[in-house]
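The values are calculated or read from the model by the stated rules, or taken from the named source; none is laboratory data. Computed from a predicted structure; not experimentally measured. For neighbour counting, all protein chains shown are included, and Cβ atoms are generated from backbone atoms with ideal geometry for every residue, glycine included. Note: areas computed on protein heavy atoms with side chains; ligands, DNA, RNA excluded. Shrake-Rupley method; radii C 1.70, N 1.55, O 1.52, S 1.80 Å.
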Amino acid sequence: LDVGILATPLHESSLLEQALFYEEFYLYTPQAQQKNYIVPEDINPNELLLLEEGHCLRGQVINLCELRRSEDKQLVYQSGSLETLIHLVDSQQGITILPELATLRLDKERQKQLTRFQKPSPVREISLVKHRNFVKSRLIEVLGEEILSHLPKDLKRKKEMLVVEL
């Protein structure tokens, strides 16, 4: 494996990470919210639907909502895909947190069910990751440029953001 596209930072000394973009998190609920923004403390962990163990997004959501600190809170459901989580929310089974790229395919009605977080916006960093000794650095640079050229321009911005650790 020469290179990977991963959520970072990984804190792995044998790997080099080249940040590509920052993907904002959104709360996705069964109906539109009255609030213009939400804070993590507003999220009821008993309603929160998560990806199953092993997904980096799961760890980021847990860290964002500080769920590990509250032992009395139970997570209702875990899924292997964001599509399943979206469908569960649509059927009134709970709420979830989606990364920005997953929201781009939502139709206009579903877009109304998204709520932004209060600034600084929680985001996840997406990077090209290679082994520290990988010698074809120019190849990785070109790959990164090609990926960036196909991203929506909003993902290329660097606003006031808070990177959520894995």
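Between GLU66 and HIS131, what is the label-to-label distance in nm when each label sits 7 Å out along the Cα-to-Cβ direction?
4.1 nm
Relative contact order for the chain: what is it in percent, counting Cα pairs under 8 Å that are at least 6 residues apart?
Here the relative contact order equals 45 percent.
Just check the chain against the gyration tensor rule for me: Cα atoms, a ≥ b ≥ c as the square roots of the eigenvalues, rounded for a/c under 1.5, and otherwise prolate or oblate depending on whether a/b exceeds b/c.
Verdict is prolate for the chain.
Can you sort PHE25, PHE134 by solvent-accessible area, 1.4 Å probe, largest first?
Sorted descending by solvent-accessible area, the residues read PHE134, PHE25.
For the pair GLU12 and ARG138, how long in nm is the line joining their label points, each one 7 Å along Cα→Cβ?
2.7 nm
What part of the accessible area of region 1-153, given as a whole %, is carbon or sulfur when the probe is 1.4 angstrom?
Whole-percent figure for carbon plus sulfur exposure: 49.
How high is the FRET efficiency from ASP42 to SER149, r the C-beta distance, R0 30 Å, rounded to 0.05?
0.20
If each of GLU53 and SER81 carries a label point 7 Å out from its Cα toward its Cβ, how far apart are those two points in nm?
Distance between the two pseudo-spin positions: 2.3 nm.
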